[in-house]
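Trainee: Got a structure for you, questions after.
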Amino acid sequence: MSATESLSPETARQVVDLIDRATGVDGKAPVSEQGRQAVAGRGDARHFVTADGEAVIGYAQLQAGSGEHPDMAELVVDPGRRREGVGTALAESVFGAGRPGTRIWAHGNIAAAEGFAKSLNLVPARELLQLRRPLAAPPLPEIVVPDSITLRTYADSTDDAEVLRVNNAAFSWHPEQGGWTGADIDERTGEGWFDPAGLFLAFDAADPDTLLGFHWTKVHPPEGDDPELGEVYVVGIDPAAQGKGLGRILTLAGLHYLRDRGLATVLLYVEGDNTAALHTYDRLGFDRFHVDMAYARA
């Protein structure tokens, strides 16, 4: 096994192929969007690669947490080489390199992942829920925007500073979403999936330069058994603007937009202990679809 701060183009290609093979077998991607970006050399991560000759058969990635946020890891083993100790060795390397409290994601928390965690005496430390809702029925509630709020879509990069400010205020507690920089905004607005008409911004009507909240939508192309899917990618509300009903207004604006684009289903991710958000999404008709679980040493 080798550990490195960057991957060669050939190794990165093999890792992407490995992730895709595992996704096809398990029905769940073992590595997140952020993890794939790190494989491509975007962002800071430490990479652990297990090879048999020239062929990559196992891969793990360690993302350093900031402040009190723990280090987070993702791991994948070639479906044809499981139960050979590859995953165990990768997990031990990740825990050895990470800070105390390091966690490993099990995306989908499928039975194999639960069994793997149990074999290493790992315990659940964080639960991330994926919720889904059909967009045709039940009908979406109408959007009611009070006169005190101005709702519009993203204009251009002149909106970036306010989006960044609200994002970091809203997610100061979040290990992945918090602490964004201008480069994070640039990276996402530069992606092929970015659609300015799908980024909704709510401003104070009395102070049109002050952003109160935003809803960034996303559309996923068909993958595996999933058709094209819409996503409530990020809903961020300035803590100073809480209590105005902005979460519901912005979420509905995005849902109406995705429905009108002809999408049948929308998904979102929410922390399992975020009771306020879960209450909002339950009232909007979302149901639990699957669970991502982060495991840590007991």
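Trainee: Checking Ala3 against (1) surrounded by fewer than 20 Cβ atoms within 10 Å (Cβ to Cβ); (2) assigned to a loop (DSSP other than H, G, I, E, B); (3) among the hydrophobic types (A, V, I, L, M, F, W, C), which single condition isn't satisfied?
Mentor: Looking at each condition in turn, Ala3 falls short on (2).
Trainee: Within the range 125-146, identify whether any single residue is surrounded by 18 or more Cβ atoms within 10 Å (Cβ to Cβ) and among the β-branched types (Val, Ile, Thr), and answer yes or no.
Mentor: no
Trainee: Check Arg165, Arg188, Arg152 and return the single one that is under 30 Å from Ile104 (Cα atoms), among the basic types (Lys, Arg) and at pLDDT 95 or above.
Mentor: Working: Arg188 fails: at pLDDT 95 or above; Arg152 fails: under 30 Å from Ile104 (Cα atoms).
Selected residue: Arg165, the only one of Arg165, Arg188, Arg152 that is under 30 Å from Ile104 (Cα atoms), among the basic types (Lys, Arg) and at pLDDT 95 or above.
Residue by residue, here is whether (1) polar (S, T, N, Q); (2) at pLDDT 95 or above; (3) out of contact with any Leu (no Cβ under 7 Å at 6 or more places or on another chain); (4) not in a strand (DSSP E or B) holds:
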{"residue": "Gly58", "(1), (2), (3), (4)": "no, yes, no, no"}
{"residue": "Gln61", "(1), (2), (3), (4)": "yes, yes, yes, no"}
{"residue": "Ser66", "(1), (2), (3), (4)": "yes, no, yes, yes"}
{"residue": "His69", "(1), (2), (3), (4)": "no, no, yes, yes"}
{"residue": "Ala73", "(1), (2), (3), (4)": "no, yes, no, no"}
{"residue": "Val76", "(1), (2), (3), (4)": "no, yes, no, no"}
{"residue": "Arg83", "(1), (2), (3), (4)": "no, no, yes, yes"}
{"residue": "Thr88", "(1), (2), (3), (4)": "yes, yes, no, yes"}
{"residue": "Ser93", "(1), (2), (3), (4)": "yes, yes, yes, yes"}
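Trainee: Considering only strands (runs of 3 or more DSSP E) fully contained in the range 209-298, which possess at least 3 residues that are open to solvent by 30 Å² or more (accessible area, probe 1.4 Å) and on the phi < 0 side of the Ramachandran plot?
Mentor: Working: elements: 229-237, 265-271, 287-297.
Ranges flagged: 287-297.
Trainee: Would you mind finding the one in Ala206, Ala183, Ala197 that is open to solvent by 60 Å² or more (accessible area, probe 1.4 Å), farther than 27 Å from Asn274 by Cα and touching a residue at least 24 places away in the same chain (Cβ under 8 Å)?
Mentor: On the way: Ala183 fails: touching a residue at least 24 places away in the same chain (Cβ under 8 Å); Ala197 fails: open to solvent by 60 Å² or more (accessible area, probe 1.4 Å).
It is Ala206.
Trainee: Condition first: in contact with a strand residue (DSSP E or B) (Cβ under 8 Å, 6 or more places away or on another chain) and either among the aromatic types (Phe, Trp, Tyr) or in a helix (DSSP H, G or I) (or both). Now tell me which residues in the range 144-168 satisfy that. Outline the logic, then answer.
Mentor: Of all residues in the range 144-168, those in contact with a strand residue (DSSP E or B) (Cβ under 8 Å, 6 or more places away or on another chain) come to 145, 148-154, 159, 162-163, 165-167.
Those that are in contact with a strand residue (DSSP E or B) (Cβ under 8 Å, 6 or more places away or on another chain) and either among the aromatic types (Phe, Trp, Tyr) or in a helix (DSSP H, G or I) (or both): Tyr154, Asp159, Glu162, Val163, Arg165, Val166, Asn167.
The values are calculated or read from the model by the stated rules, or taken from the named source; none is laboratory data. Just so it is clear, the structure is predicted and the values come from calculations on it, not from any experiment. Don't worry about glycine lacking a Cβ; one is built from the backbone with ideal geometry, like all the others, and counts go over all protein chains shown. SASA here: full protein model, heavy atoms, side chains in, ligands and nucleic acids out. Shrake-Rupley method; radii C 1.70, N 1.55, O 1.52, S 1.80 Å.
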